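Report on the structure given below.
The values are calculated or read from the model by the stated rules, or taken from the named source; none is laboratory data. Everything numeric here is computed off the predicted structure, so don't read it as measured data. Heavy atoms of the whole protein, side chains included, go into the accessibility calculation; ligands, DNA and RNA do not. Shrake-Rupley method; radii C 1.70, N 1.55, O 1.52, S 1.80 Å.
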Amino acid sequence: MNVKELIEKLDLKVLVDSGDLDREVEECYIGDLLSWVMGRAPEGAAWLTVMGNINSIAVATLADTSCIILVENATLDDDAKKKAEMHGVTILSSEENSYRLAVKISELI
């Protein structure tokens, strides 16, 4: 399943379109402790978090996640949005909490 299909099937809101919505989503990863995510998030994972700051963009880039999904309508900082656009990081948003969204993603992939 790719990011575009995930957006459509889960009714996710696109906050930043990296232009790479065809990127495959291999699995999902949940985490808010950035140093933990940086060392453990698998490449190609949809990363579920509430961290919408500039540091999360750096972590997503280093971990090479397929996208960031801000759960529970967490906000994206303006600086983070600019950084995501600059580095080609897709950022999505969902009303769901991490657990419920992860279950849905798991069923899809």
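How many Å² of accessible area per residue for the chain, probe 1.4 Å? Working shown, then result.
Working: 5860 Å² over 109 residues.
Averaged over the residues of the chain, the accessible area is 54 Å².
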Of CYS28, CYS67, which has the most accessible area and how do the rest follow, probe 1.4 Å? CYS28, CYS67
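Going by a ≥ b ≥ c, the root eigenvalues of the Cα gyration tensor, does the chain fall in the rounded group (a/c under 1.5), the prolate group (a/b larger than b/c) or the oblate group? Before the final figure, lay out the partial values.
Details: a/c = 1.29, a/b = 1.22, b/c = 1.06.
Judged from the Cα gyration tensor, the chain comes out rounded (a/c under 1.5).
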With a 1.4 Å probe and all protein chains left in place, how much of the accessible area of the chain comes from carbon and sulfur atoms, in whole percent? 45 percent
Keeping to pairs on different chains or 8 or more places apart, tell me how many lysine pairs in the chain have Cα atoms under 23 Å apart. 10
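Suppose accessible area is computed on protein heavy atoms with a 1.4 Å probe; arrange GLU96, GLU27 from highest to lowest.
On the way: GLU96 50, GLU27 80 Å².
These residues rank, largest area first, as GLU27, GLU96.
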